[in-house]
Amino acid sequence: MMSRNSCSKGLVRDCMKRNLWAIVLSTVGFFMAQLLPVIMTAQHSLSAHKQDLVNLSAADAAASWQGYVESVGEMLGGQNVFVKLAVIILAVTCGVSMFAYLHNRRKVDFYHSLPISRSRLFAVNYATGALCALVPYLVLHALSIVSACAMGFGEVVNASLIGVIASNVIFFFLLYAMAAVTTILCGNTVITLLLGLWVYFGPTLVTALWQGLKSMFFQTYVMDASMTSLLFCNKFAPLIQYFGVNGTKMHSWAGAVEPVYTMDYAAGLQEPSAIGLLIGYAVAAIVITALALFLFRIRKSERAGTALAFNPIKLPVKIIICVVMGTAFAEIFKMLVYESELWFWVGLVLGTVIFHCVVEIIYAFDFRAIFRKPLQLVIILAVLVGGMLIMQADVFGYDEWLPDEGSIAAAAPMGYVGESALLSEPENIAAARQLAALGVEGLNNTDENAQKECITVTFKLKNGKVKSRSYELPATDEVFTLKKQIYQSAEYKQKAWSLFALGEVNEGYHRNIVFYTNGDGYNGVGTLSDSQKAQEIIDTLKAETLTHTGDAMPVLRMEFSQQNNDDYYSEGAVCVTDKDVKTLALIKKYANIVPKAVSAKNVKLITLSIYLPDKDFWQGVQVTDRADIDALLKNAVNIDAMNLYGSDAMAYGIMQQFARSNVSVTYTDEKGDEWDASAGYIEEDYPKDIIEKYRAQAEKDAENGVESAQSGDVAYTTEVAVG
């Protein structure tokens, strides 16, 4: 008589023989996805390297070889997308096929009449599907390693490959277990595949819809995550998350779901650890497998051929589908009809009704079921519409939320910066919160003529949560003073300026500084490539910029980068002001570059875009008087050449005075090229008298119907020819 273990092994062996197609499919799949790409990449790299040895110097050929090695390593490691696709396809295919007999009444009667317990039958089927896919994968991965070594790429074989294999196995088991559960839950294979699509992709859809609803209903909403994070970092969507994992590391663009205004871009291309995620998914795979076993044991044999094998889950599944798809229809209709709120509600009702009918038809396999359970439809619609109305009315006070000052660990009125750049000094926290408070006060301001500016305030609370809100703040002296206090503080400069983020020069690289002046537009006027001299300039500017907090006029811009013979990457840019005397002296000494103003003799005209509050639009007026042009350019900063926009301009004391006017300069450079540039001024140099002199002309043009074409914040009259 066979022992229990021998019997189980024999059952698995027999089951694998019956599913030989799965072994063949897995072998072919992983051959095409793993072994073949490694061999092809290695062969191409060897051929290219052979040519490099002839055409390039030894050093350049060695550098190119490292690139070839990395290419082979990508095919062998966690960046091989083909392997991920093969794992996903085989996990779903095997998970469904091993339990698809549950959807056939005759097969169910046969298998369940065998003298074997349900638990053992489940174990045999589950083990068979896993072995059919994983054994070929492990064998072909081993052959890929051997092939890489044999072709001279042995240096790509290291301990990280263990993490790659473990990652692929964990994701396989998780997706496989999910496929098994959906197959057991259903009584029809087509319904299984539909439910599987919902299980795999539903969480991402729900997250995207939730983002859309908050964006629609909340005035202060800031997107919770970047699009990449939204797609690749939803922990409840492992199939999509899989593509953001590189062995035991996360890809740099898929590290975590963070508020987009607190994502640490200063972290560069660092890949955070994925070990915690993999452990969580391994535990989830075990739990889902246990759930599959439980459902398999209690599943009634006569449920074969039905839509869902368990009646209690029919209503919850229908509710989820109706709510999600009704919301999806609503948002799609709203986008299609020019952000129409009316069509949002039409789409909400129509989508809910359609999918309620579709689900009932699927449950009954009868088109006449379209009219069944109208009361459930009415209740679902009522709850869904009620939920939308609650969001629209902001019953829970999302927009009016303000943290207590004592609960704030750090804060800043800034966007697209790392969490490490948030400010923790009490005076900066207080100023940031006051800006938010002013934003909340202005939520119900219906004055369409009031001048406003948009600002995002981010708070990191002492409980670890990070929250951001976007406000439209009035252009008042109080707002100006609060922003200026923050942007000119030493803490802000040290945490937000790229100048203070510059690290050591990497081995084999040298640091470059490219210089720009106000008078040369977008054209660089010189480059300093001596790392030691560049560092002396950087250190001097760091010391000087922290000594002054008042307005300072930018006169030079420096762009930093590191490069070698083959590579180059930017490190950011910073302005040098007229107060940075020691820095300017060093620049002159080492690069022979001095500040240069916009030359009035090259300016054809200046366009003033003046805001008219009574009419709520900008009217363009052209200035051709030479004396007025000279006065407007006397202390002008070339906003474009200095790359000073938004908070950057504010950080240097530059105010573009959008509440009054915008100054656009059309000039010709020394090469004869014509440029348009925006002019800005520090507060004390703002040419108010000259600009106000032309306000009467702007009002007159507006009264006479002179059209004013506007691009962004810059308007210009179309009636007067340029020049």
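None of the figures in this text is laboratory data; all of them are computed from the coordinates on show. Remember, it's a predicted structure, so these values are computed and weren't measured experimentally. Counting neighbours? That spans all protein chains shown, and the Cβs are built from the backbone with ideal geometry, glycine included.
Listed values, structure above:
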quantity: Inter-site label distance for L315 and F236 at 7 Å from Cα along Cβ, in nm; calculated: 2.1 nm
quantity: Normalised contact order of the stretch 310-392, rounded percent, pairs of Cα under 8 Å and 6 or more residues apart; calculated: 26 percent
quantity: Potential lengthening between E453 and C149 on full extension [0.36 nm per residue; Cα-Cα distance subtracted]; calculated: 103.4 nm
quantity: Sequence of V135, V457, V96 once ranked by neighbouring C-beta atoms within 10 Å, starting from the fewest; calculated: V135, V96, V457
quantity: Shape box of the stretch 498-591 [Cα atoms, principal axes, largest first, Å]; calculated: 41, 27, 22
quantity: Diffusion constant of the stretch 298-342 at 10 °C, which comes from Stokes-Einstein with the Kirkwood Cα-pair radius and 1.306 mPa s, µm²/s; calculated: 122 µm²/s
quantity: Around E544: net Lys/Arg minus Asp/Glu count, Cβ-Cβ under 12 Å; calculated: +1
quantity: Residues whose placed amide H lies under 5 Å from that of F617, excluding near-sequence neighbours; calculated: L612
quantity: Nonlocal amide H pairs with S561, under 5 Å, H built at 1.01 Å; calculated: N512, E571
quantity: Descending semi-axes in whole angstrom, ellipsoid equivalent of the stretch 57-99, from the Cα gyration tensor; calculated: 39, 5, 5
quantity: Phi-based couplings in Hz for the stretch 500-506 (Karplus 6.51, -1.76, 1.60; Gly and Pro marked x); calculated: 8, 9, 5, x, 6, 6, 5
quantity: P(r) tail fraction, the stretch 103-193 - alpha-carbon pairs more than 19 Å apart, %; calculated: 58 percent
quantity: Pair L193, D109: separation of 7 Å Cα→Cβ label points (nm); calculated: 2.7 nm
quantity: Of every Cα-Cα pair in the stretch 310-392, the percent that sits beyond 23 Å; calculated: 23 percent
quantity: Length gained when the stretch Q532-V283 is fully extended (0.36 nm per residue, less Cα-Cα span); calculated: 84.4 nm
quantity: D (Stokes-Einstein, µm²/s), Kirkwood Cα radius, the stretch 486-549, 1.002 mPa s at 20 °C; calculated: 159 µm²/s
quantity: 5 angstrom amide H check on V555, placed H, neighbours 5+ away; calculated: V576, T577, D578
quantity: Cα→Cβ-extended label distance, 7 Å offset, between F365 and D567, nm; calculated: 6.1 nm
quantity: Karplus-derived 3J(HN,Hα), 6.51/-1.76/1.60, for each residue of the stretch 275-289, Hz, glycine and proline x; calculated: 4, x, 4, 5, 4, x, 5, 5, 5, 4, 4, 5, 5, 5, 4
quantity: Largest-first principal axis extents, alpha carbons of the stretch 158-197, Å; calculated: 46, 14, 9
quantity: Förster radius 22 Å - calculated FRET efficiency between E427 and L461 (Cβ-Cβ, nearest 0.05); calculated: 0.75
quantity: Whole-Å semi-axes of the ellipsoid equivalent to the stretch 405-496 (Cα gyration tensor, √5λ, descending); calculated: 23, 15, 11
